[in-house]
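Working notes, beginning with the structure itself.
The values are calculated or read from the model by the stated rules, or taken from the named source; none is laboratory data. This structure is a prediction, so every number in the text was calculated from the model and none was measured. Cβ placement follows ideal geometry from the backbone for every residue including glycine, while neighbour counts extend to all protein chains displayed. With ligands, DNA and RNA removed, areas are computed over all heavy atoms of the protein, side chains included. Shrake-Rupley method; radii C 1.70, N 1.55, O 1.52, S 1.80 Å.
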Amino acid sequence: MDYSELADVYEKLESTSSKHGKRDILADLLKDTTLTKLEKIVLLVTGRVFPNISNEELGIAAKMMKRAIIKATGFSDKKITEEFKRTGDLGLVAEKLVRSKRQVTLMQKRLTVEKVFESLQKLPSMTGMGSQERKLNIIVELITSAKPKEARYVVRTALGTLRIGVAEGILRDAIAKAFKVDAKNVEHAWNMMPDYGKIVKIAKLKGDDGLKKVRIKVGTSVQVLLCEKAPNLKTAIKKFEHPSLETKYDGARIQIHKDEEKVVLFTRRLEDVTKQFPELVKITRDAVKAKRCILDGEMIGIDKKTGKPLPFQQLSQRIQRKYDIEKMVEEIPIQVNLFDVLYVDGQALLDKPLKERRKILENLVRPVPGKFQFAKQLITKDLKKAEKFYKASLKEGQEGVIVKNLDSKYQPGRRVGYWLKVKPIMEPLDLVIIGAEWGTGKRANWLSSFILACRDTTKSKFLSCGMMGTGLTDEQFKKMTKKLKPLIIEERGLSVKIRPRIVFEIGYEEIQRSPKYESGFALRFPRLIRDRSADKGPDEADTLARLIKLYESQGKIRTLKT
Ligand code: AMP
């Protein structure tokens, strides 16, 4: 197939904005494509030459592309930079310059789809000495053989910016239309095996039946089950007949595939991150009893000194890092909290209820505490117990909880409402501490509950809006006491009044009306995010007006959701 035919389709897709229009153009293309070329064409229309479950990257940057265009067209760096500034698109630059050059040379070679595909596929395997030059020569050869329009798309594909707007859903519908199969079955196959190159062939050869039969496979990433949001804990628990709560860890989803000694790790976006986490590969080999299985969990980074969870940004450094891996293993230890199992020794478990899957998981793994363990779980319908669990999760520095339906199956790739996340989702507030209470027992000499207040600008007063007693470590309680003690202006029993000086950034689950506090509002589950006193004075704390605004916006959110 001539690449120019594909370039014409690209152009049509680029100039069509409607989803249906794009679907129809693609469906016509797929219908007319022979079986041997289908996989390539499907990848190329999504701007790739490798399936998205592959980790291969072409590694062509704009700078190298400019050099290739210079070499292929003979125009100067200055001219190319000028054109690039004008259009912001090296594809268009190449098209224009190839067109100008053509008038001079009239050299005409035929460029085929196979040639473009195979040339680009070679790029990632070129490494080491002189590999940059070899890569450059491949691109130069393609541009030299390209007609102007072809040059536009060759360049964009090599750069990974095709810009023709073929999203996953459009491709799904196009496959359905081209081969007269149900889009739902195409989607099912995609969730089990996210590789449209393979799926399109099944659709053509085996139709709906073939698509329905696509199953998960160890070694091939599976789309993960996703959460929906719940407005609060009470609503979430009421939603299910048999709910369980799990700590919501603030890290990265990790899908672990074990096939005897071979372990492969995928992120939520199905990126293969096995190389980045050699210690997890080892621990999986040692701690998982099954020969073959697929596990689902959340990975967090751990602070070496305190043993507490690290902010996600630090874990993300490990996910992205491709070198000095051993050093990273040392610097940022990880902890995996397993919460599901999708497959074990020949059996897919997706249709089994969570209750059973969790049991299977617990029998499958010998946990290594602090490193490779089960996500904390509480099975209850009792709101009080659930709230305690939720508070404890926040206190540990985790994000909140996920309420799961124990009777539900595992539905890859979907937000189906089987899992509901509950976390303090409101925008944090900067509030002033105006009072506190002395602790008792272990905390006898520390101030342990703090009265939070917002500003009433009309009366230049601070109005209480909540009490914070959780979410602080012993160290923080000590620090706070030291800071607040000199600001005590009145003491009555265990209660103290504090001069409004200290501003804290506070997270919380929601704002409720409450006669208990002067503002008329109370924050539910307030927790300390950080001390803002160094850069914010009490006169810059959040106002009652803002609290009211947030309270009202939250009402709107809730009516939308329930
Ligand atoms: P969000 O990204 O806010 O939609 O929350 C969903 C994500 O929470 C999941 O994709 C997981 O990465 C993460 N998560 C943390 N703890 C759990 C858990 N116990 N069960 C399921 N997902 C969890």
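Couple of notes before you dig in:
- Restricting attention to region 487-546, the residues being assigned to a strand (DSSP E or B), basic (K, R) and either free of Cβ contacts under 8 Å to residues at least 40 places away in the same chain or closer than 30 Å to P311 by Cα (or both) number 5.
- The set of residues from region 327-348 being surrounded by fewer than 18 Cβ atoms within 10 Å (Cβ to Cβ), under 12 Å from I302 (Cα atoms) and either without any contact (Cβ under 8 Å) to a residue 12 or more places away in the chain or within 16 Å of the ligand (Cβ to nearest atom) (or both) comprises just one member, E330.
- 3 or more residues at pLDDT 95 or above, touching a Pro at 6+ places or on another chain (Cβ under 6 Å) and closer than 16 Å to A151 by Cα: qualifying helices (runs of 4 or more DSSP H) within region 9-88: none
- Test: residue in region 285-302 that is part of a helix (DSSP H, G or I), farther than 22 Å from P51 by Cβ and open to solvent by 80 Å² or more (accessible area, probe 1.4 Å): yes
- Residue ID - farthest from R524 (Cα to Cα), chosen from residues in region 419-472 that are within 16 Å of the ligand (Cβ to nearest atom) and not in a strand (DSSP E or B): E427
- Number of the exception - L6 against (1) aliphatic (A, V, I, L, M); (2) over 15 Å from K201 (Cβ atoms); (3) surrounded by fewer than 21 Cβ atoms within 10 Å (Cβ to Cβ): (3)
- So V288, is it in contact (Cβ under 8 Å) with a residue 40 or more places away in the chain, among the β-branched types (V, I, T), under 20 Å from E356 (Cα atoms) and within 16 Å of the ligand (Cβ to nearest atom): no
- Residue that is farthest from the ligand (Cβ to nearest atom) [pool: residues in region 382-410 that are part of a loop (DSSP other than H, G, I, E, B) and in contact with a His (Cβ under 8 Å, 6 or more places away or on another chain)]: D407
- When N191 is tested against (1) assigned to a helix (DSSP H, G or I); (2) within 28 Å of A27 (Cα to Cα); (3) away from the ligand (no atom under 16 Å from the Cβ), just one condition goes unmet, and that condition is (3).
- Taken as a whole, the condition of being open to solvent by less than 20 Å² (accessible area, probe 1.4 Å) and away from the ligand (no atom under 12 Å from the Cβ) applies to V365.
- Residues considered: E271, E228, E279. Of these, the only one that is within 12 Å of the ligand (Cβ to nearest atom) and either in contact (Cβ under 8 Å) with a residue 40 or more places away in the chain or open to solvent by less than 10 Å² (accessible area, probe 1.4 Å) (or both) is E228.
- All conditions in (1) assigned by TED's automatic domain parsing to the domain that holds V365; (2) away from the ligand (no atom under 16 Å from the Cβ); (3) buried (at least 16 other Cβ atoms within 10 Å of the Cβ); (4) over 19 Å from the mean Cα position of the chain (by Cα) hold for V264, with the sole exception of (4).
- Screening the candidates D8, D32, D2 for the property of being touching a strand residue (DSSP E or B) at 6+ places or on another chain (Cβ under 7 Å) and not assigned by TED's automatic domain parsing to the domain that holds K135 yields one hit, D2.
- Within region 247-261, no residue that is outside the structural domain of P412 (by TED's automatic domain parsing) sits with its Cβ atom under 7 Å from a residue that is at pLDDT 95 or above and more than 13 Å from the ligand (Cβ to nearest atom) at 6+ positions apart or across chains.
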